[in-house]
Amino acid sequence: VRPSRDEEDHRGGSDVVAGGFMFVFAVAYLVAAFTIPKPSFENAVVGPKAVPIAVGVALAAASLALAVRGFFKGRSPRDVASGDEAPPQDLRKLGVVALLLLGYILSFVPLGYAISTFLFMLAVTMYLDHEHWVRNLVYAVVFSVVVYSIFVYVFGVQLPAGVLG
Amino acid sequence: MADIFARLAEGFGEALTAANLIFAFCGVLIGTLVGVLPGIGPVTAIALLIPLSFGLDPVSGLILLSGIYYGSMYGGSTTSILIRTPGEVASVVTTLDGYEMAKQGRAGPALSTAAIGSFVAGTFSTLGLMILAPALASVAIAFGSAEYFLLMLLALAMVSNLTTGSQLKALIATLFGLSVAMVGIDPQTSVQRFTFGVPYLSDGIDFALMAIALLALPEAFTNMAARGTSHLDAQRIQGSIWMTREDWRRSAGPYWRGSILGFLIGVLPGIGPSLASFLSYGLEKRLSKHPERFGRGAIEGVAGPETANNAGVGGAMVPLFTLGIPGSATTALLLFVFMMYGLQPGPQLFDTNPELIWAIIASMYIGNVMLLVLNLPLVGLFAQLLKTPPAMLYSGVIAFSVLGAYALNFNVFDMLMLLGFGLVGYLMQRYDFPMAPAVLALVLGVLAEQHLRRALSVSNGDLMTFVERPISLALLVFILLVLVLPPAVRLLRARQAGRHRVGTQAGGQQ
């Protein structure tokens, strides 16, 4: 069995990628930190810029150190407390779930909680496990109706009613 | 002492009302459930329930949410023992001997000793909290901004240094949390920082939102995007769940050692119940006359860690109540809940809201009894939860996350940030960055910065303010020790290991 591309990527050079990415973030953060305006009155010894800049510099240094160490030494030790290795990932599945989630968020207010939640739950469960469609359908209906009722009628949290309202 | 008992009696009066009993019960029940379900921990559950607790009064809300915290420590052991998948980080070490015991048909006694040890520790550490917290509060009254800043720095140094994984990655996670914490209007000068003209960012990025995005979503994404379908191979609970006389005898020592160790470690900021359980396992193995039994189903290896992680919860409440400084991601969320109710945990809290503190403490005694009653007979029922299909479980987690994000501020922008930071969290998890330091830094970041700046403006920029007073000097020394000791120990160990290897090679040549 050939190890998947994903696993290979994860093993080699992952610290270089992670460190490099965080370094870019830190530099962008520092640029934004230097543009923090001066307060209208200067009474504090330490202004609003100082700590963000210090954090940005430390983050840049630490990320660079991670990338350099990864380049020369390979992967850093895995966190033993995280237990078993994470299951191998299918990035297409992640992409589809993330897109469904985006659709859910954007339709949350216009369609209302009950309908958007029902559609999202049904879509996700059907995508991941299409054999049990009856179970998925029942689950999506029960979840959206029960959660909506508990929040609105028991806890008094207003949720968007959308097209049902 | 007499004062403590009078206060505690009042606390019981408050905690024993029908409503608060129900909230305590719901809390420990939800705690047990999320403890059992792998991938959903107490932090996730508390973060998701924060919007719900807006409507409750502070006592009930905090009783409910604390119940989830200590309840989850009970549930975490169940999955460790039955399927070798820890429900909680704090139960990782329980898998070593717990699962072995289950394979040998002794799942019952393993679950029992975990539940009874948890009860002993929960009760002991609540007692410790009750005695230590007021004493510490009376000392902490004298703390100024310099001391608070150093204490928070200590918590951050500990959480990023005493990790079980890569220290550099924990440090990066801490700094990432700090950088996000800086977003919003600076409370001292009213200057906008990193808001880029977006009005939603003026108040900063909501801490509960970040906690959900960094803790709940990545776990759901990882499980949903898993290649193929996973099978859980659960061990059956056969025979009696009760422990034999021999089991009791062997568990007694780990119970009291784990209680004391777990409590003391819990009190230290930045290291929570998880490290306590690891240390307890090491301690029991070292003290045992039969260390070779460990890893092959030694009941001590279940009793000790499960006791220690529960005792850690009571310990972790001490700095939260008395100093307002959380030591872990979970207590950071509890601090957020306190502040949401307009309460500022700290030494004054014992004077201004004693009934609240003592009601929570009393509810912890009650909740631990409930947990013992719930867990011993019903553990088989909870284990059934493991059969929940992942697609249903994690789509539910995502739906609750979105609902939680919406209920915080009722805007779509927050939900989009949830998705964005959820994906960031997913990547962080894929690249082995620990999440707890980032979450802790998020809540401590602004507080620590404000205390630093206040301390320096009081002293007119004189850095000596951090070393002049004995308490701040001691804290500074402690921080240096935390930063220097672990690398030094590792270096020494590496040397010893090198010498050892040379020694065995030399021995092999003879």
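The values are calculated or read from the model by the stated rules, or taken from the named source; none is laboratory data. Bear in mind the structure is a predicted one, so any value in this text is a computation, not a measurement. Counting neighbours? That spans all protein chains shown, and the Cβs are built from the backbone with ideal geometry, glycine included.
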Legend entry - All positions within region A:96-131 that are facing chain B (nearest Cβ under 7 Å), without any contact (Cβ under 8 Å) to a residue 12 or more places away in the chain and not charged (D, E, K, R): A:Ala98, A:Leu102, A:Ile105
Legend entry - Exclusive hit being acidic (Asp, Glu) and away from chain A (no Cβ under 13 Å), set B:Glu449, B:Glu468: B:Glu468
Legend entry - Restricting region B:185-199 to residues that are more than 30 Å from the chain's Cα centre (by Cα) and touching a residue at least 40 places away in the same chain (Cβ under 8 Å), the residue that is surrounded by the fewest Cβ atoms within 10 Å (Cβ to Cβ): B:Val198
Inset, instruction - Keeping to region B:281-290, report how many residues are in a helix (DSSP H, G or I), of a type outside the set (A, V, I, L, M) and farther than 23 Å from B:Pro86 by Cα. - result: 1
Inset, instruction - Please verify whether region B:177-193 includes one or more residues that are more than 11 Å from every other protein chain (Cβ to nearest Cβ) and on the phi < 0 side of the Ramachandran plot. - result: no
Legend entry - Residue satisfying all of: in region A:144-160; loosely packed, with under 14 Cβ neighbours inside 10 Å and not in a helix (DSSP H, G or I); nearest to the chain's Cα centre (by Cα) among these: A:Gln158
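Let's see how each residue does on (1) touching a strand residue (DSSP E or B) at 6+ places or on another chain (Cβ under 9 Å); (2) surrounded by 24 or more Cβ atoms within 10 Å (Cβ to Cβ); (3) of a type in the set (Ser, Thr, Tyr):
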site: B:Ser280; (1), (2), (3): no, yes, yes
site: B:Arg286; (1), (2), (3): no, no, no
site: B:Phe294; (1), (2), (3): no, no, no
site: B:Glu306; (1), (2), (3): no, yes, no
site: B:Asn310; (1), (2), (3): no, yes, no
site: B:Gly324; (1), (2), (3): no, no, no
Legend entry - Test for A:Ala67: is it more than 8 Å from chain B (Cβ to nearest Cβ), part of a helix (DSSP H, G or I) and touching a residue at least 24 places away in the same chain (Cβ under 8 Å): yes
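So that you can scan it fast, the table gives a plain yes or no per residue for (1) closer than 23 Å to B:Val443 by Cβ; (2) away from chain A (no Cβ under 14 Å):
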residue: B:Ser72; (1), (2): yes, yes
residue: B:Tyr99; (1), (2): no, no
residue: B:Ala107; (1), (2): no, yes
residue: B:Ala114; (1), (2): no, yes
Inset, instruction - Sort out which residues of region B:410-462 are hydroxyl-bearing (Ser, Thr, Tyr) and within 15 Å of B:Ala170 (Cβ to Cβ), and write them in order of number. - result: B:Tyr431
Inset, instruction - Please state which one of B:Leu456, B:Leu423, B:Leu427 is without any contact (Cβ under 8 Å) to a residue 40 or more places away in the chain, out of contact with any helix residue (DSSP H, G or I) (no Cβ under 6 Å at 6 or more places or on another chain) and closer than 21 Å to B:Ser401 by Cβ. - result: B:Leu427
Inset, instruction - Confirm whether A:Gly47 is modelled with pLDDT under 90 and surrounded by 17 or more Cβ atoms within 10 Å (Cβ to Cβ). - result: yes
Inset, instruction - Within region B:368-423, work out how many residues are more than 9 Å from every other protein chain (Cβ to nearest Cβ), under 29 Å from B:Ser118 (Cα atoms) and not hydroxyl-bearing (Ser, Thr, Tyr). - result: 22
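Here is a check on your reading of the model: is B:Ser138 of a type outside the set (Val, Ile, Thr) and within 14 Å of another protein chain (Cβ to nearest Cβ)?
No, not satisfied.
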Legend entry - Hits in region A:1-31 - residues which are within 12 Å of chain B (Cβ to nearest Cβ), modelled with pLDDT under 50 and under 30 Å from A:Ala58 (Cβ atoms): A:Asp9, A:His10, A:Arg11
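Checking the condition under 20 Å from the mean Cα position of the chain (by Cα), at pLDDT 90 or above and in a helix (DSSP H, G or I), which residue from B:Phe336, B:Phe263, B:Phe278 passes?
Matching residue, one of B:Phe336, B:Phe263, B:Phe278: B:Phe263.
Among the candidates B:Met152, B:Met130, which residue alone is under 30 Å from B:Asp351 (Cβ atoms), in a helix (DSSP H, G or I) and either modelled with pLDDT under 85 or within 14 Å of another protein chain (Cβ to nearest Cβ) (or both)? Walk me through it before giving the result.
Details: B:Met130 fails: either modelled with pLDDT under 85 or within 14 Å of another protein chain (Cβ to nearest Cβ) (or both).
None of the other options fit; the residue is B:Met152.
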Inset, instruction - Go through B:Ser240, B:Ser230, B:Ser166 for me and flag whichever is at pLDDT below 90, farther than 30 Å from B:Ser395 by Cβ and within 13 Å of another protein chain (Cβ to nearest Cβ). - result: B:Ser166
Inset, instruction - Check B:Thr44, B:Thr85 and return the single one that is within 14 Å of another protein chain (Cβ to nearest Cβ) and either over 16 Å from the mean Cα position of the chain (by Cα) or touching a residue at least 40 places away in the same chain (Cβ under 8 Å) (or both). - result: B:Thr85
Inset, instruction - Hey, can you tell me all the residues within region B:8-56 that are buried (at least 24 other Cβ atoms within 10 Å of the Cβ), of a type in the set (A, V, I, L, M) and modelled with pLDDT of 90 or more? - result: B:Ala24, B:Val28
Legend entry - Options B:Ser72, B:Ser138; residue that is crowded, with 24+ Cβ neighbours inside 10 Å and in contact with a helix residue (DSSP H, G or I) (Cβ under 9 Å, 6 or more places away or on another chain): B:Ser72
